[in-house]
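Asks: One structure, pasted below without further comment.
The values are calculated or read from the model by the stated rules, or taken from the named source; none is laboratory data. What you see is a predicted model; the values in this text were computed from it and never measured. Cβ: placed from backbone, ideal geometry, glycine included. Neighbour counts: every protein chain shown.
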Amino acid sequence: MKRTTLLAIAIVTMCLPMAAQVHLGLRGGVTLGELHFDREIIDSSNRMGYCGGLVLDVAIPVTGLGVDASVMYAHRNNRLTDGQHLFKRHYIDIPLMARYRLTVTGVERFLAPLVFTGPTFSVLFDDNGQENWKGRRTYLSWRVGGGVDLFHHLRLTAAYGFGITKAMTYIGNDVKADKAHGKDRYWMLNAAWLF
């Protein structure tokens with residue numbers, strides 16, 4: 001039974017590149033983000049973070065369409081308006097991007113611009129535990145971006161992400177009066193090497 005299953009997986013894996021071009025790769029980059037609150041109780045300033053992980057790129061030949069899925073570690077920082085608190089959060093991000101790659105005959109082997117959009121599912125696994133801050137364990141954001149493929153292996157991208165669900169909650173001294181919810185807004189610059 002196990003041999004039959006392994007053989008079937010091997011055959012399907014070998015046939016996939018015939019129908020679609022599948023590439024695995026590594027991705028890393030930086031983020032510049034802030035928290036946008038629904039009330040004017042507190043504000044945060046832009047702070048640099050970083051990210052890195054694995055990427056799976058599936059392209060449908062001839063059409064330019066494809067899917068880019070990743071599993072990434074993301075470190076996000078936010079400094080609050082009082083200037084004393086730096087809130088650090090560590091996430092596992094799972095972005096699922098629909099992509100369109102412009103193919104220009106003769107140039108596509110060296111240079112191919114692309115645009116993408118899609119949801120990002122984030123799971124918080126650690127934060128620095130501020131007493132008035134509570135990070136949500138999971139949240140959803142949306143990314144929109146563009147970039148360029150160079151020599152079919154190097155992908156450089158820039159994207160803007162905005163929270164759909166709240167990423168954290170601020171609870172002041174008076175819980176009912178001072179509660180505010182924050183959503184992430186961030187820029188990302190990434191480089192990926194596709195094998």
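Asks: Check whether at least one residue in region 172-179 is surrounded by 17 or more Cβ atoms within 10 Å (Cβ to Cβ) and closer than 30 Å to Asp38 by Cβ, and report yes or no.
Replies: no
Asks: Is it true that Thr138 is within 18 Å of the chain's Cα centre (by Cα) and of a type outside the set (A, V, I, L, M, F, W, C)?
Replies: Here the answer is yes, as Thr138 does meet what is asked.
Asks: Turning to a different aspect of this structure: Condition first: within 17 Å of Tyr160 (Cα to Cα) and either hydrophobic (A, V, I, L, M, F, W, C) or at pLDDT 90 or above (or both). Now tell me which residues in region 71-83 satisfy that.
Replies: Met72, Ala74, His75 - these are the residues of region 71-83 that are within 17 Å of Tyr160 (Cα to Cα) and either hydrophobic (A, V, I, L, M, F, W, C) or at pLDDT 90 or above (or both).
Asks: Among the residues in region 10-23, are any under 23 Å from Arg185 (Cβ atoms) and at pLDDT 90 or above?
Replies: Looking for residues that are under 23 Å from Arg185 (Cβ atoms) and at pLDDT 90 or above, one finds none in region 10-23, hence no.
Asks: Which members of region 84-108 meet the condition of being hydroxyl-bearing (Ser, Thr, Tyr), at pLDDT 85 or above and closer than 27 Å to Leu65 by Cβ?
Replies: Result: Tyr100, single match.
Asks: Restricting attention to region 116-137, which residues are in contact (Cβ under 8 Å) with a residue 24 or more places away in the chain and touching a Leu at 6+ places or on another chain (Cβ under 8 Å)?
Replies: If the condition is that a residue be in contact (Cβ under 8 Å) with a residue 24 or more places away in the chain and touching a Leu at 6+ places or on another chain (Cβ under 8 Å), then Gly118, Pro119, Thr120, Phe121, Ser122, Asn128, Gly135, Arg136 are the ones that fit.
Asks: Evaluate the following for Ala112: is it of a type outside the set (Lys, Arg), part of a strand (DSSP E or B), within 26 Å of Pro61 (Cβ to Cβ) and at pLDDT below 95?
Replies: Spelling it out, Ala112 is indeed of a type outside the set (Lys, Arg), part of a strand (DSSP E or B), within 26 Å of Pro61 (Cβ to Cβ) and at pLDDT below 95.
Quick grid of which residues meet (1) modelled with pLDDT of 90 or more; (2) more than 30 Å from Asn78 (Cα to Cα); (3) not small (Gly, Ala, Ser):
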residue: Phe116; (1), (2), (3): yes, no, yes
residue: Asn132; (1), (2), (3): no, no, yes
residue: Gly146; (1), (2), (3): yes, no, no
residue: Asn173; (1), (2), (3): no, no, yes
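Asks: So Met168 fits all but one of (1) over 14 Å from Gly33 (Cβ atoms); (2) at pLDDT below 85; (3) surrounded by 20 or more Cβ atoms within 10 Å (Cβ to Cβ); what number is the exception?
Replies: Failing condition for Met168: (1).
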